[in-house]
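Let me begin by presenting the structure, written as structure tokens, before commenting on it.
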Amino acid sequence: MSGLVDLGASLWALLTPMTLFHVAWSMLVGIIVGSLPGLTATMGVALMTTLTYSLDSELAILVLLCMYVGAIYGGSRSAILLNIPGTPASAATSLDGYPLARAGKGGYAMGLATAGSVIGTLVAILMLVMIAPPLAEAAMNFGSFEFFWLAVFGIVISGQLTADTTPLKGYIAGILGLMAAMVGSEGLHAHVRFSFGIDDLNAGIALIPAMVGAFGFAEVLTAMWNRRGVLASTKDKSDRTIPRLLDLWRFKWISIRSGIIGTLVGIIPGVGEDIGAWASYAAARRTSKEPDKYGSGSYEGLAAAETGNSAVVPGSLIPAITLAVPGSASAAVLIAAFFIHGIRPGPLIMIEQPEFISSVAAMLVLATIAMGIYGLALTRVFILVLKVPYAYLMPVVFTLCVIGTYALSQRIFDIVIMVGFGLLGFVLRQMKYPMAPLVLGIILGDLLDKSLRRGLTLSDGDLTPFFTRPVSAGFAALILISVMLNLPFVRRGLSRLIGRGRRTKNA
Amino acid sequence: MRMATADRVTAVVLFVVGLAMAIGGWTMDRLEVRNIHPASIPGLVPIILGVLLAICAVLLWYSTTKDPERGTREFMADGSWLRLALTGVSCVVYALVLVGWLPFFWATAVFVSVFALIFTWPERAEQKARALAIGGALVLGFAVAFGVSILFEQAFLVRLP
């Protein structure tokens, strides 16, 4: 209950004209970025980080959260109108949104998507204020052994759940990220590793240039490489864009359940909004009275997908704030932004800045309100945004990638890093390697490296505490089970066992 | 190129990278002079990561022989190579050559104008349409260069390259 009281107090403190001004413009930019296919939320947050260096820390974080919330929501516009998700998070939205738009109900579909996103974010904000403080307190008992496993767990789960084809490519992406984090001065003895005599590499590979490259430049290349979609040309015959209260009431359980599923998916390290949307969509379909309508214009399916992906945003901030382990790729950039603005995420956050969690929740509430207002008021206006030619848009995006990367440390070398990661990111994407584990690897590499070596020093080289301390043992078991379940011979053995069990039961 | 072949080439590259990192970690200074604990040597995690990547590379190679679908799927077949090459070259030239060599304003104006012009150039059109494309690209280039320079120099106090 005290969490809600703190949330109310933080919300009240945030209600100043300056704050509302920043919410207004950053949410608008966020929705526009998200609605343009090829520009993702992560890229938006990474680029916006470079534009908020000089802002006051509270305002900078507010702007970044608005960008994140807005971009995830904005993806539904192009998913509904173009059948191309503006961000991967809206892939499930296009399944039912586009058929609705083709049937002339695009306006109402966008209104329903807005309502779903608002409900999803609000459910997840409630869970954020309830779960984050006790989680941070529990994490106070974590030592090097637990943090080592937490980092490994993040990479393994993220690699497994975000991989398109085989989890192996997810693991490889994660290892490549960890390897990138090994470059430069290490955290225990300040020994410089893999710098190859280049002085600029002594401090390591900075996260922002790498992220801007992997998500900004790589997305510019991907957008120009792909063919563009065609706007649903059917004239919109929706008599209204604001969903009826009756419809919202009909979807109340779907919305709440999707909100909870989205939040829980968000808490899992590095998994992200697209999985949140698919998991909510699948759960809604399984329990629906009209499952055959899914995929051909179901309001239920649309509401579930949009509620699910929006709920991941606050959910992904739960581990990001309390453990410094990002719940999504965008949350990884947010962690870097927190550090830039003097906020140290991790278990100590409840001691160093106890009001931070409620403050973030209050910012998310403001962002949600702005999203609802823009979404319902400007439904048809956003269609115009989708008509901006890439030939004009992409050079502007790339210019911001270059100058934003440079602005952080005013080093030309960071631009080289950005370009390198952009080219690498593009090739890896084309080969179906997920980007989230790569990013997670870069951000968790230092934690994994220091925790393993510090733990081994504490135990005098003995590996036993990594497996005998209760939380460590739990993480180790989870990692082992999730990796084993992906091995073909283990799966074959399991299905044989289950089949034999069923046959014995039937006999 | 087929996806299976692309995966095999990647597997070889990843194996070499993994091996290089493991050897790099093994031969890295163990800081004995500073009497650090032998379990905390800086090369420990790179060795582990290198070995893991090499194992993953072997598994990746093996998986290409077990997945017949990957042998039929084309690698990068659903886009335009010409557009990709033009985008890649113009972006890399701008970021790595023009920025730092020309003042930022001029580098950006040239890049944005050229990029916009390349992708809006009407191939079989009248003089008027071509003049419009050139005019549009130039206006965009100078407007973006001016806006971004002012924003970063005056508002964010960045010394532009």
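Readers should treat all values here as calculations from the given coordinates under stated rules, not as data from a laboratory. The structure displayed is predicted, hence computed values, not measured ones. No Cβ is skipped: glycine too gets one built from the backbone with ideal geometry, and neighbour counts run over all protein chains shown.
General observations
- The loop-placed trypsin sites (Lys or Arg not before Pro) in the stretch A:285-333, going by DSSP, that have at most 12 neighbouring Cβ atoms within 10 Å of their Cβ come out as A:K289.
- Sites listed here are trypsin sites (Lys or Arg not before Pro) in the stretch B:1-100 whose DSSP assignment is loop and whose Cβ has at most 15 other Cβ atoms within 10 Å: B:R73.
- Dipole of the protein assembly as shown computed with +1 at Lys/Arg Cβ and -1 at Asp/Glu Cβ about the Cα centre; of A:L463, A:L7, A:A282, farthest Cα towards the positive end is A:A282.
- Global form of chain B, assessed from the alpha-carbon gyration tensor, a/c cut-off 1.5: oblate
- Placing +1 on each Lys and Arg Cβ and -1 on each Asp and Glu Cβ, with no other charges, gives the protein assembly as shown a dipole about its Cα centre of roughly 2340 debye.
- The stretch A:368-438 and the stretch A:79-131 have Cα centres separated by 21 Å.
- About the centre of its Cα atoms, the stretch A:114-225 shows a dipole size close to 180 debye [charges on the beta carbon of Lys, Arg (+1) and Asp, Glu (-1) only; nearest 20 debye].
- Taking only the alpha carbons of the stretch B:3-72, we obtain Rg and Dmax values of 16.5, 56 Å in that order.
- Translational diffusion coefficient (Stokes-Einstein; Kirkwood radius from C-alpha pairs) of the stretch B:81-155 at 10 °C, 1.306 mPa s, in µm²/s: 121 µm²/s
- When each of A:I369, A:I335, A:I125 is scored by the number of other beta-carbon atoms lying within 10 Å, the sequence from fewest to most is A:I369, A:I335, A:I125.
- When you filter the chymotrypsin sites (Phe, Trp or Tyr not before Pro) in the stretch B:115-161 for DSSP loop state and at most 16 other Cβ atoms inside 10 Å of their Cβ, you are left with B:F156.
- Helix-only CD estimate at 222 nm, as mean residue ellipticity for chain A, using -39500 (n - 2.57) per DSSP H run (n ≥ 4): -24000 deg cm²/dmol
- Principal semi-axes in Å for the stretch A:90-195 [√(5λ), Cα gyration tensor, largest first]: 40, 23, 12
- Positive minus negative residues near A:Y281 (Lys, Arg vs Asp, Glu; Cβ under 11 Å): -2
- In units of the rule-of-thumb radius 2.2 N^0.38 Å, chain A shows an alpha carbon radius of gyration of 0.96.
- Only helices reaching 24 angstrom along their own axis (Cα) with mean Kyte-Doolittle hydropathy no lower than 1.6 count here, and for the DSSP H runs of chain A these are A:356-377, A:412-430.
- Principal-axis tilt of helix B:127-150 within chain B, Cα atoms, nearest 10 degrees: 60 degrees
- Entry note: the stretch A:365-494 has Rg to Rh equal to 1.13, where both radii use alpha-carbon atoms and Rh is the Kirkwood radius.
- For the stretch B:77-117, the C-alpha radius of gyration sits at 1.29 times the compact-globule guess of 2.2 N^0.38 Å, with N the residue count.
- Environment charge of A:G120, counting only residues whose C-beta is closer than 12 Å and scoring Lys/Arg +1, Asp/Glu -1: -1
- All other residues whose Cβ lies under 10 angstrom from that of A:F148 are scored, Lys and Arg at +1 and Asp and Glu at -1, for a net of +1.
- Each Cα pair under 8 Å and six or more residues apart adds its sequence gap; the mean of these over the residue count of the stretch B:92-161 is a relative contact order of 39 percent.
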